[in-house]
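Chemist: So that we are looking at the same thing, I have put the structure below in structure tokens.
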Amino acid sequence: MITEELLKECRLEFEACLQSLISDSPENHKRVEDIRSHSLRVVENTLLLSKTVLQSDEDNRIAVVNALFHDLGRATLIAQGTESPTNIQRNHAVLSAELIQKMDFFSKLPVEAQSIILKSIENHSKLKLPKLDNEQQTLFARLLRDADKLDIFDSSYRYFKEKMGIQPIMTYDLVNTAEVSEKIIKSIMTGKTAAVEDMKTMNDYKLLLISMAFDLNFKYYRRLPRHQTVC
């Protein structure tokens, strides 16, 4: 069983792990802190959504662990400073799943909870959620994907429209021109989420954000971004 005490231990390890990734570089500090803040906002989004889709306190605690650690691999790769933004996006989820298994608290979790957490984290950034082992794993994976996408949209909105926060790392290699990728447009026209690999310009990224709505799973979330635009 995941008790409040064990969840507290999870939170402490989350904070300690991210703190260990901070170097003397101001840019590194800013990036790691941004991932910490993002993860905590994903926790908040998760708890909002869980009121309608999860049945118990135990389920809520599993969802919180998912949200806390889903981007640990991203923070680690950014701190290492050797990977391109595209590779970070492609590889961070699997690395997050590998790293969480090394945490002291993880072995104390029920085996079923461990499986749910690993499947959720491994698959949270994939273009399309694959078929998982059971409905419970699928529910938690969808919950994490929605909570994550909502904050990606909101933080990008703050950056582009309100000039707040820091530039999304996925846009580092993109050029700021009026062009848009034909593949991105085709994805939107066919009602599919656009692929990160198809982005070439900042406009592509903004269109990718809009296309994320096609992959949202819960009606509660579909209503939230309605009055916002990043264009």
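Chemist: Say whether the condition of being hydrophobic (A, V, I, L, M, F, W, C), in a helix (DSSP H, G or I) and at pLDDT below 95 is met by at least one residue in segment 51-73.
Modeler: yes
Chemist: Does at least one position in segment 214-223 carry a residue that is modelled with pLDDT of 95 or more, more than 18 Å from the chain's Cα centre (by Cα) and assigned to a loop (DSSP other than H, G, I, E, B)?
Modeler: No - not one qualifying residue is present in segment 214-223.
Chemist: Does Lys119 meet the test of being part of a helix (DSSP H, G or I), free of Cβ contacts under 8 Å to residues at least 24 places away in the same chain and within 15 Å of the chain's Cα centre (by Cα)?
Modeler: yes
Chemist: For segment 122-144, enumerate the residues that are in a helix (DSSP H, G or I) and buried (at least 23 other Cβ atoms within 10 Å of the Cβ).
Modeler: The first filter runs over segment 122-144 and keeps only residues in a helix (DSSP H, G or I), leaving 122, 135-144.
Answer for segment 122-144, where residues must be in a helix (DSSP H, G or I) and buried (at least 23 other Cβ atoms within 10 Å of the Cβ): Phe140, Ala141, Leu143, Leu144.
Chemist: Which count do you get for residues in segment 157-201 that are over 18 Å from Ala213 (Cβ atoms), in a helix (DSSP H, G or I) and either of a type in the set (Val, Ile, Thr) or touching a His at 6+ places or on another chain (Cβ under 6 Å) (or both)?
Modeler: 2
Chemist: Tell me whether segment 139-159 contains one or more residues that are within 22 Å of Leu207 (Cβ to Cβ), in contact (Cβ under 8 Å) with a residue 12 or more places away in the chain and among the β-branched types (Val, Ile, Thr).
Modeler: yes
Chemist: Taking Asn87, is it of a type outside the set (Asp, Glu), assigned to a helix (DSSP H, G or I) and surrounded by 15 or more Cβ atoms within 10 Å (Cβ to Cβ)?
Modeler: no
Chemist: When you check Met199 against the structure, is it surrounded by 18 or more Cβ atoms within 10 Å (Cβ to Cβ) and either among the hydroxyl-bearing types (Ser, Thr, Tyr) or at pLDDT 95 or above (or both), yes or no?
Modeler: Against the criterion (surrounded by 18 or more Cβ atoms within 10 Å (Cβ to Cβ) and either among the hydroxyl-bearing types (Ser, Thr, Tyr) or at pLDDT 95 or above (or both)), Met199 qualifies.
Chemist: Looking only at segment 100-111, how many residues end up being assigned to a helix (DSSP H, G or I) and buried (at least 18 other Cβ atoms within 10 Å of the Cβ)?
Modeler: 2
The values are calculated or read from the model by the stated rules, or taken from the named source; none is laboratory data. Being a predicted model, the structure only gives us computed values, none of them experimental. Ideal geometry is used to build each Cβ from the backbone, glycine not excepted, and the neighbour counts take in all protein chains shown.
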